[in-house]
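Inspection log for the structure reproduced underneath, given as structure tokens.
Readers should treat all values here as calculations from the given coordinates under stated rules, not as data from a laboratory. Here the structure is a predicted model, which means the values were calculated and not measured. A quick note on method: Cβ atoms are made from the backbone with ideal geometry, for glycine too, and the neighbour counts reach across all protein chains shown.
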Amino acid sequence: MKPLSTPADIERHLADHRLALLYIKAPHCGVCHAVQPKVARLLQDWPQVAAATADIAEMPEMAGRFHALTVPLVMLFADGKEVWRAARFIRLQELQDALAIWVRQI
């Protein structure tokens, strides 16, 4: 997953890819650190999905932009529109199911 460091980078990432995943994390979040490698491994089977990470501590304005009330937050975007999200407790099977649906549609 590609690390993004500015709001402009995030917006460009979402605009440049038909299917984009955004993983929002915090530096002192144990769940974030535990879940990120699992999401990254799952995404290896989905090369059509451009995945990126962003640290909410570095960009607190993301909380308002993405309604990020807790982390980790995983969001899937299709053609720039949010189509799936999960926060705090990320069910990898649900993410995989969403990827399967959206990869077929895009």
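List of remarks:
- Proportion of all alpha-carbon pairs of the range 58-106 beyond 14 Å (%): 55 percent
- Using R0 = 30 Å, the C-beta based FRET efficiency linking GLU61 and ARG88 works out to 0.90.
- Each Lys and Arg Cβ is given +1 and each Asp and Glu Cβ -1; about its Cα centre, the chain then shows a dipole of about 260 debye.
- Per-residue ellipticity at 222 nm, computed for the chain from helices alone with -39500 (n - 2.57) per DSSP H run of at least four residues, works out to -12000 deg cm²/dmol.
- Interatomic Cα distance distribution for the chain, bins of 5 angstrom, percent: 2, 13, 27, 27, 20, 9, 1, 0
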